[in-house]
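A short reminder: the numbers here are calculations on the coordinates, not readings from a lab. Predicted, not measured: the structure shown is a model, and the values here were computed from it. Here Cβ is always computed from backbone atoms with ideal geometry, including for glycine, and neighbour counts include all displayed protein chains.
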Amino acid sequence: MMHRFAFSTPFPVPLRIALGLLAAGLVAACARGPAPSANPQVADPTPSGTALLASSPPTPIPTDTSMPTATPTLAPSPTPTDTPTPTPGPTVAPDIAALPAVVRQGDFLGAFAARYGISLDALIAYNHIENPNMVAPGQRFMIPYRVDRVTPEDILLPDSELLYGPAYLDFDAAAFVDAQGGGLSQMQVPFVDGGAISGGELVNYVAIRYSVGPRVLLALIEARSGLVTRPETPDEQTLDYPLGHVRAGRGLLNQLEWAANALNSGFYGWLDRGETAIQFQDYRIARAAPNLNPGTVAIQRTLAQDATFEALPAELDAFMEAYTRLFGDPFQYDAGPILPWELAQPPLAFPWQPGTWWFLTGGPHGAWGSGSGWAALDFVPEDAPVGSCLPATTWATAASPGLVVRNNRGELLVDLDEDGDMRTGWVLQYLHLTDRVAEGERLKMGDPVGRPACDGGTAISSHLHFARRYNGLWVAAGSSRIPLTFEDGWTAYAEETAYRGGLITPDGRRVSACDCRNKSLNGIWLVR
């Protein structure tokens, strides 16, 4: 379903739109639960028109109720001729579409399987469940659907175009929007400090927060409402929903946050999490074409939320028409592989001084928003008040030398190559800190950076949220290629559910993430 809105008279200048303070909107995903709301693609019970796997015991392929023999893993694939720098997608049987589903309070595994129309044996086999008697609320399983619908195979743009990285070194979203003279340039959005920022500045702000390419956000706005280039005053529907996604809420801020998080969900779901399904507005399921790169899947999954399977090609055409009209060929901006094969993480210390107890309270989870890469770990010092946002007395410290390139609403971004640009090289994110070190400060390893609190994002108790970016990519903490590794070989590992997982010690012991403070389970003590 296309979202085209009528325009009438020229914009009054300036147009001030009541969108709510940014403090209420831009959130990271540290609180347990969905944040921010972006209608992530989670399997809905018995989506219309889908053939679910194995309601009866599995039988050999190719029958319609059989279990696939392949499981969602990452593996290199041949380089398509129409994109210079493809990124491998999940290796799953080509007629299997896999979506995540989350266990509810009170669920038994058998009831959970029945709710999604899959046999218990099939669910256990597909997810490699070792103990079916041990399930917990919030646990994430993949639900495999056997489908005959496959999305278009055209690769739309390089992966680097989806990331706020080197592809955007010469691009200023606010300046571009102002030069177009459309309605977006004349919007004034209330800001947390009591002032206001323009529509183009807000696009840039959201792009930085989520590490999403601003050209992609602008092309989505243009395709859905024309606000980038058309100067006429839009109708109320367009002002309320400039990206056409009603469930995201009114206003440019909510719409941009939905789009950024949805793009990330599609990108990292394909890249890291084995999510091969695309769910449409009518809850039907299709399989993303196996040859696609994460960037294209991100566009398909985002547009599918407001389209049927039959309408998706037209939605993709409209997006590409808007993109090429605004920016030309997307492959001219290709910045190369998003994770070069020779890449290694620089040495990192734990982000605190020895001699105090800290606890691992969150395993790999979204770095910013529920859809982003599971790049973050959460830590809390022993002296932080339990269940409170009062700041800890203990300071978090720099895990590596670097230059502070961003200090904004509880978030520090520290640039390790010290070129002053968060879009290039390794960048460390420290979130939820108060008393933060100043932007522009050059840090040595071990320097204080701030005290754990609840500042910025979504947090219900004081802690430190710590994550890595490389060239704009949220690098998964539990990555098999480049796992998050601290001094002496402490290495992060992930599980199928966000916030689970933990750290493996140099001697092979597992420190398991827990929303608790148990020295024998999730405690970390560093010797001076």
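Taking other Cβ within 10 Å of each residue's Cβ, how do Cys516, Cys389, Cys30 sort, fewest first?
The fewest-first ordering by Cβ neighbours comes to Cys516, Cys389, Cys30.
So which trypsin sites (Lys or Arg not before Pro) in the range 416-469 end up in coil per DSSP with only 12 or fewer other C-beta atoms within 10 Å?
Lys444
Please list the radius of gyration and Dmax for the range 383-438, considering alpha-carbon atoms only, with Å as the unit.
Cα-based Rg and Dmax for the range 383-438 come out at 12.6, 39 Å.
For the range 260-269, just list the computed ³J(HN,Hα) in residue order, Karplus coefficients 6.51, -1.76 and 1.60, θ = phi - 60°, integers in Hz, with x standing in for Gly and Pro.
Using θ = phi - 60°, the values come out as 4, 5, 5, 4, 4, 4, x, 5, 7, x Hz.
Quick check: the distance between the Cα centres of the range 295-327 and the range 122-163, to the nearest angstrom?
Their Cα centres are 22 Å away from one another.
In whole Hz, with x marking every Gly and Pro, tabulate ³J(HN,Hα) for the range 424-437 from phi via Karplus 6.51 cos²θ - 1.76 cosθ + 1.60, θ = phi - 60°.
10, x, 7, 9, 9, 9, 10, 10, 6, 9, 10, 6, 6, 5
Considering amide H positions built from the backbone, and no H for Pro or chain starts, which residues 5 or more places from Val150, or on another chain, come under 5 Å of its amide H?
Amide H neighbours of Val150: Arg287.
Percent relative contact order of the range 407-528, based on C-alpha pairs within less than 8 angstrom and at least six residues apart?
The value is 16 percent.
Which cross-chain or sequence-distant (5 or more) residues have an amide H under 5 Å from the amide H of Ala376, H modelled 1.01 Å from N in plane?
Amide H to amide H, under 5 Å and 5 or more residues apart or across chains, Ala376 pairs with His365, Ala367, Ala477.
Could you tell me the convex hull volume per residue, in Å³, taken over the Cα atoms of the range 104-229?
On the way: hull volume 26.3 nm³, N = 126.
For the range 104-229, the hull spanned by Cα atoms encloses 209 Å³ per residue.
Across the range 114-180, what fraction of all alpha-carbon pairs, as a whole percent, falls in each successive 10 Å bin from zero upward?
14, 25, 16, 22, 17, 6, 0
If you take the alpha carbon radius of gyration of the range 357-525 and divide it by 2.2 N^0.38 Å, what ratio comes out, to two decimals?
Rg over 2.2 N^0.38 Å, computed on Cα atoms: 0.95.
Using amide H atoms built 1.01 Å from N in the peptide plane, name the residues 5+ places from Ala196, or on other chains, whose amide H lies under 5 Å from its own.
Correct list: Phe191.
How much FRET efficiency would the formula 1/(1 + (r/R0)^6) give for Leu521 and Asp121, where r is the Cβ-Cβ distance and R0 is 30 Å, rounded to 0.05?
The calculated FRET efficiency here is 0.40.
On a full-extension model of 0.36 nm per residue, what is the gain between Asp435 and Ala136, subtracting their alpha-carbon distance, rounded to one decimal in nm?
Stretched out fully, the Asp435 to Ala136 stretch lengthens by 104.0 nm.
At a temperature of 25 °C and a viscosity of 0.890 mPa s, determine how fast the range 91-140 diffuses translationally according to Stokes-Einstein, using the Kirkwood radius over alpha-carbon pairs as Rh; express D in µm²/s, rounded to the nearest whole number.
On the way: Rh = 11.6 Å.
Diffusion coefficient, whole number: 212 µm²/s.
The range 379-429 to the range 328-349: how many Å between their Cα centroids?
Going from one Cα centre to the other spans 23 Å.
Under the Karplus relation 6.51 cos²θ - 1.76 cosθ + 1.60, θ = phi - 60°, what is the ordered set of whole-Hz ³J(HN,Hα) values for the range 244-253, x standing for Gly and Pro?
Karplus values, whole Hz, x for Gly and Pro: x, 9, 5, 5, 7, x, 7, x, 4, 4.
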